[in-house]
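Every number here is computed from the coordinates shown, using simple stated rules; none is lab data. Quantities reported herein were computed from a predicted structural model and do not represent experimental measurements. Positions of Cβ are generated from backbone atoms using ideal geometry, with glycine treated the same way; all protein chains shown enter the neighbour counts.
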Amino acid sequence: MAASIIDVENLTVSYGNRPALLDINFSIGPQQLIGIIGPNGSGKSTLLKTLLGFIKPDFGKIKIYGEPLARNEGRIAYVPQRSAVDWDFPITVQEVAMMGRYQYIPWWKEASARDYEIVEQAMKTVRVLDLSKHQIGELSGGQQQRVFMARALAQQSSILLLDEPFAGVDAATERAILDVLKSAKESGKTLIVVHHDLTTAAEYFDQLILIKQRLYAFGSPKIVLQEELLHQVYEGKLRIFSDIVISKKG
Amino acid sequence: MENLYNLFIDPLHQTFFQKALLGGSLIAIACGVIGCFVILRRMAFLGDALSHAMIAGVVGGYLFMKVIFSIEAHAPAMLIGSVIAALITVGLISFVSQVSRIKEDAVIGIMYCGIFASGVVLVSIFRDYIHVDIMHFIMGDILGITDSELWVAAIVSAFVLTILMFFYRHLQLATFDPIMATSIGISVALIDYSLTACVSMVVVSAVSMVGVILVVGLLITPAATAYLLSDRLPRMMALAALFSFTSVVGGLYLSVWLDSAGGGAIMLFCSFQFFVIFLLAPKYGYFSKLIRRWNMIPQSLLEDILTSVLRSGNQASSESLRLYLKSSTKLLVKGVNQLQREELIIKTGKQIKLTDKGKEQANKIIRAHRLWESYLEATGMPANEVHRAAHHLEHLKDEAAINYLDNKLGHPAHDPHGKKIPQ
Ligand SMILES: Nc1ncnc2c1ncn2[C@@H]1O[C@H](COP(=O)(O)OP(=O)(O)O)[C@@H](O)[C@H]1O
Ligand SMILES: [Mg+2]
């Protein structure tokens, strides 16, 4: 087996005394595009925040490249859920993308010409360069999503965590974002993406993680997207877009 | 001339005015700049909590020096005492709101009133022993500012601005995205404490000038005013500093002219500035919002104009449109003008025609309308109702969605009324 990049062992996380994640185990190899699925409130965002070190687990271990989180600062890039961002913050597209470089700039120095170059390249890749002077709240949903992608690319980390990058964007933008994700994977990165649309999950991802507090399934889409399993997890709230039968009229 | 000279230049010759101007500006600028972070992190309560806590800290510091070293009114000790009291208050607030079910806003009220009360009681118990004037705390006395207070203001201001300059990126990221900040090794808790410590120093130093009640205003009003004019944080900080400075200058003149309390006049001027900007700010101001709303035309009306011109054989008059669309003349005129600007229609005299670009758009909408009709009929809606429903749905004309409908329906050539569906 190839050396794994992310190892999660017996991970338990709670807010107060309510567990949000219970005894989660999985490991992820290099160069994978992984989807996390599960109903609302099932702990998907919590899992990402724990992998980023923002929430401390009650119990369990997380290893990145075989080392604990504290030794891996800046090796994981993060694209937050759109609803978690303050879109009124006085900040421009370019300034958000520049945040991806902060870990490389010592506190007594300014960003270098090279930092500006990398940020510009990242903005070009996700096609927001001509918006660089706009305040982030002025953009459309898809553009906002891409700004944070630019930040993640500028960070040049080998692991990317994205929280619902496809929520509230139009079909064309969804494709464009997916293309960026795929080419990031081709260039050797590992991506973990929280995803809410079960109809596209199989098409987009190499492997899926199905969670609702506990890990229900992990593996190829074929294994995870079993009807019985999904019904159990989504408890009838399943909203797969079942094809509407339409009688053809002559 | 003589008069103006008296009004503006005379006060500048007074030492008390010079000192007030200098000390006030120094501390107000620090307040304004750090206030930007306070409002962006929604910590406005912090200023309130801190200013109330500090009376206990001042008395504590005073007593400590007096009892141990027999030094009266040792300014640095009182300052340190205040900062400690402030940190304790903030620590207690976050501790109690985390471990109990009482929400943070209530906890804040409980804590700072409790600590304020302990200060008041201490002062009254030791009133013959220590010489602290409570009124001085409540109202402040910027016109009677002492040399040592001036020094404190200068040092605090320089210190805080230096910290902000060096750790700008840390503060910005921890405020904007604490999750990413943590992931690249910035300790958000440490940033929180440093910010709280800076705010306490500024507040403590400002209290002796404008008093406990008004200090919060000095912390957040200039920053909020600047927020209405800024799309970038550095600009917001610069403008906040400017508005703090003008508040002090304007307020001090006001207080001399009107012979009023200095602190009150400064805050009054500061609030006045806020209201002017709140009304007039070009992008985020109230009037510009009204104007934008006034100019707003519903997208569906624009699309209805396009389709009705096409339906009437690509020529219509404003009058026929008005009758057909049953919309108000005012809106319709605005809509027609807007479409003209977008080069979708041409108006010659009273006649309205579609341009090629306009025709293409109108065809797209009609295609959506007729496909929706076919779809609705296929799902079993009575034929006489589908037109009205489709009229609302036609504005959902996202290409992918419409092509999906077309595929599902097997690419029909005609809608249920037998009309041709444009490709
Ligand atoms: N800061 C928080 N404090 C308390 N409970 C929280 C907090 N964040 C999330 N939760 C709870 O934890 C559970 C998982 O939340 P989350 O990870 O955001 O779910 P998802 O992203 O899958 O929708 C939910 O029940 C939610 O209410
Ligand atoms: Mg979530």
**OP:** Any chance you could check the Cα centroid distance between segment A:111-138 and segment B:309-327 for me, in angstrom?
**Re:** 46 Å
Subject >> Sequence of B:129, B:286, B:112, A:234 once ranked by neighbouring C-beta atoms within 10 Å, starting from the fewest >> reply: B:129, B:286, A:234, B:112
**OP:** Between the alpha-carbon centers of segment A:1-63 and segment B:139-165, tell me the distance in whole angstrom.
**Re:** 48 Å
**OP:** Report the FRET efficiency, 1/(1 + (r/R0)^6), for residue A:113 and residue A:61, where r is their Cβ-Cβ distance and R0 is 30 Å, rounded to 0.05.
**Re:** 0.15
Original post:
In terms of the Cα gyration tensor, with a ≥ b ≥ c the square roots of its eigenvalues, is segment A:33-102 rounded because a/c is under 1.5, prolate because a/b exceeds b/c, or oblate?
Top reply: oblate
**OP:** Among DSSP beta bridges lying fully in chain A, give the percent that are antiparallel, nearest 5.
**Re:** 55 percent
**OP:** Given a cut-off of 23 Å, name the pairs among B:283/B:330; B:330/B:397; A:109/A:185; A:63/A:189; A:124/A:182 whose C-alpha atoms lie farther apart than that in the structure shown.
**Re:** B:283/B:330; B:330/B:397; A:109/A:185
Subject >> Long-range HN-HN contacts of residue A:217 with modeled amide H, under 5 Å >> reply: A:210
**OP:** In whole angstrom, note down how far apart the Cα centers of segment A:183-207 and segment B:403-423 are.
**Re:** 35 Å
Subject >> Tail beyond 15 Å, pair distance distribution of segment B:346-423 (Cα, percent) >> reply: 56 percent
Subject >> Order by protection proxy (mean Cβ within 10 Å, highest first), peptides B:299-311, B:40-52, B:198-210 >> reply: B:198-210, B:40-52, B:299-311
Original post:
Counting other C-beta atoms within 10 Å, which of A:12, A:92 has the fewest, and how do the rest follow?
Top reply: A:12, A:92
Original post:
Which shape class, rounded, prolate or oblate, goes with the protein assembly as shown when its Cα gyration tensor gives a ≥ b ≥ c as root eigenvalues, a/c under 1.5 marks rounded, and past that a/b bigger than b/c marks prolate?
Top reply: oblate
**OP:** Kindly write out, for segment B:111-117 in residue order, the coupling ³J(HN,Hα) from the Karplus curve 6.51 cos²θ - 1.76 cosθ + 1.60 (θ = phi - 60°), rounded to whole Hz, with x marking Gly and Pro.
**Re:** 5, 6, 5, x, 6, 4, 4
**OP:** May I ask which residue of B:389, B:378, B:362 lies farthest towards the positive end of the charge dipole of segment B:359-408, with charges of +1 (Lys, Arg) and -1 (Asp, Glu) on Cβ and the Cα centre as origin?
**Re:** B:362
Original post:
Antiparallel as a % of all DSSP beta bridges within the protein assembly as shown, to the nearest 5?
Top reply: 60 percent
Subject >> Fewest-first sequence of B:357, A:44, A:189 by Cβ atoms within 10 Å of each Cβ >> reply: B:357, A:189, A:44
**OP:** Find the relative contact order for segment B:194-301 and round it to a whole percent, using C-alpha pairs within less than 8 Å whose residues are 6+ positions apart.
**Re:** 24 percent
**OP:** Could you tell me the convex hull volume per residue, in Å³, taken over the Cα atoms of segment B:290-423?
**Re:** 122 Å³
Subject >> Dipole magnitude of the protein assembly as shown, debye to nearest 20 (Cβ charges: Lys/Arg +1, Asp/Glu -1, about Cα centre) >> reply: 1900 debye
Original post:
So what is the relative contact order of chain B, in percent, for Cα pairs below 8 Å that sit 6 or more residues apart?
Top reply: 17 percent
**OP:** Pull out a ≥ b ≥ c, the square roots of the eigenvalues of the alpha-carbon gyration tensor of segment B:299-354, then state rounded if a/c is under 1.5, prolate if not and a/b is larger than b/c, and oblate in the remaining case.
**Re:** rounded
**OP:** Using θ = phi - 60° and the Karplus relation 6.51 cos²θ - 1.76 cosθ + 1.60, list the HN-Hα couplings for segment B:19-32 in order, rounded to whole Hz, with x at every Gly or Pro.
**Re:** 5, 4, 5, 5, x, x, 5, 3, 7, 5, 5, 4, 4, x
